[in-house]
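Everything below concerns the one structure shown next.
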Amino acid sequence: MTLPFVGHPVGAQSLRTAVNDKDKIESAYRFLLADLMPFGTNAIVHLEHGGTNESTEHYETIAYWYGLPAPSVVQTDQFQVGDPAAEKAHGYSSPEASEAYSVTSRYELGLDTLKGSVVYPAETDRGRKTKGTSEFRVNLRADNLGVLLRRKLDYSLPNQRAEVFIADRNKSDWKSAGIWYLAGSNTVVYSNPGEELGETQHVVELSNRRFRDDEFLISRALTRGRKEIRVRIRFTPVNRPLFPGYPLGERAWSEIKYTVYCFVMPKPAK
């Protein structure tokens, strides 16, 4: 099979059906043109071989890098929610927020353990959750072409949705920037009946991966020419159960860390 974006041009279905040595080599390709992965100074890509990364087959892959002469997305600010000094420096205010609490967990990345050895250890971080409004200010570059706001969060809280507003430092004119919505959580449900037309099952599983990064784009029209903006995030709950009849559980907006990036025009190489 050879198609424009995916194919399996070489390799027999099994060793028994191979008619020559080339048939014993499995060759496949897939071009992930819709799954581009922007990165900064480096990128780490893991390929999991087998259900628990135990497969020893030989794999080769290729990645294409399309670069610019200079960075076009630059970090201009970052602050840790739950850290008093960082909150004060960024004018953080969230009257209905919880006390800062610790989360020990992982991101959705690789195996926890393999053959008794820890591969991806858990880490601990602190943040808050709120059912109201959070406000803070962040620094930008005045020549920005828009802003990307990244939030580290606790993904155990499902379907986190909020309205985002932007204003200048003096909060004189709040303008809507859109809806920030992250569907799902680290609790999932699946159905695997024994028969094709069997009764629907609701098997609930809880992942130990509570850390997640989510991003929100802020239009250039709201940030152009500004070195600083004020951000207001107003939680708007989504009361949708995991499946009909399942308890709703707690609904809240989670914030552990905010990182700010500005889109800029890259300077040509000298």
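The values are calculated or read from the model by the stated rules, or taken from the named source; none is laboratory data. On a predicted model such as this, the values are computed, not experimentally measured, just so you know. Cβ coordinates were reconstructed from backbone atoms using ideal geometry, including for glycine residues, and neighbour counts include every protein chain displayed.
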Scanning the stretch 215-255 for residues that are part of a strand (DSSP E or B) and aromatic (Phe, Trp, Tyr), which turns out nearest to Asp112 (Cα to Cα)? Trp253
Quick test for you: out of Glu108, Glu87, pick the one residue that is part of a loop (DSSP other than H, G, I, E, B) and either within 16 Å of Tyr258 (Cα to Cα) or in contact (Cβ under 8 Å) with a residue 40 or more places away in the chain (or both). Glu108
Kindly check whether there is at least one residue in the stretch 20-32 that is closer than 30 Å to Val74 by Cβ and in a loop (DSSP other than H, G, I, E, B). yes
Do you know which residues across the stretch 152-198 are in contact with a Leu (Cβ under 7 Å, 6 or more places away or on another chain) and either exposed (fewer than 11 other Cβ atoms within 10 Å of the Cβ) or assigned to a strand (DSSP E or B) (or both)? Gln160, Ile166, Lys175, Ala177, Thr187, Val189
Can you list residue pairs whose Cβ atoms sit under 8 Å apart, with the first residue in the stretch 194-212 being of a type in the set (Phe, Trp, Tyr) and the second being assigned to a loop (DSSP other than H, G, I, E, B)? Count only pairs 6 or more apart in sequence or on different chains. Phe211/Arg106; Phe211/Tyr107; Phe211/Tyr155; Phe211/Ile256
Taking the criterion of being without any contact (Cβ under 8 Å) to a residue 24 or more places away in the chain, surrounded by fewer than 12 Cβ atoms within 10 Å (Cβ to Cβ), out of contact with any Phe, Trp or Tyr (no Cβ under 9 Å at 6 or more places or on another chain) and on the phi > 0 side of the Ramachandran plot, would at least one residue in the stretch 237-247 satisfy it? yes
Evaluate the following for Arg212: is it farther than 18 Å from Trp174 by Cβ and either part of a loop (DSSP other than H, G, I, E, B) or in contact with a His (Cβ under 8 Å, 6 or more places away or on another chain) (or both)? no
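Okay, residues lined up against (1) closer than 27 Å to Cys262 by Cβ; (2) surrounded by fewer than 10 Cβ atoms within 10 Å (Cβ to Cβ); (3) of a type in the set (Asp, Glu):
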{"residue": "Asn20", "(1), (2), (3)": "no, yes, no"}
{"residue": "Lys24", "(1), (2), (3)": "no, no, no"}
{"residue": "Ser27", "(1), (2), (3)": "no, no, no"}
{"residue": "Met37", "(1), (2), (3)": "yes, yes, no"}
{"residue": "Ala43", "(1), (2), (3)": "yes, no, no"}
{"residue": "Gly50", "(1), (2), (3)": "no, yes, no"}
{"residue": "Ser55", "(1), (2), (3)": "no, no, no"}
Answer residue from the stretch 250-270, given it is in contact (Cβ under 8 Å) with a residue 40 or more places away in the chain and surrounded by fewer than 13 Cβ atoms within 10 Å (Cβ to Cβ) and is nearest to Val203 (Cα to Cα) among those: Glu250
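Yes/no matrix, rows are residues, columns are (1) closer than 24 Å to Tyr181 by Cβ; (2) modelled with pLDDT of 95 or more; (3) under 23 Å from the mean Cα position of the chain (by Cα):
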residue: Tyr59; (1), (2), (3): no, no, no
residue: Asp77; (1), (2), (3): yes, yes, yes
residue: Asn139; (1), (2), (3): no, yes, yes
residue: Leu153; (1), (2), (3): yes, yes, yes
Answer yes or no: is there a residue in the stretch 43-54 that is more than 23 Å from the chain's Cα centre (by Cα) and either assigned to a strand (DSSP E or B) or among the basic types (Lys, Arg) (or both). no
Can you list residue pairs whose Cβ atoms sit under 6 Å apart, with the first residue in the stretch 29-48 being among the hydrophobic types (A, V, I, L, M, F, W, C) and the second being modelled with pLDDT of 80 or more? Count only pairs 6 or more apart in sequence or on different chains. Phe31/Phe5
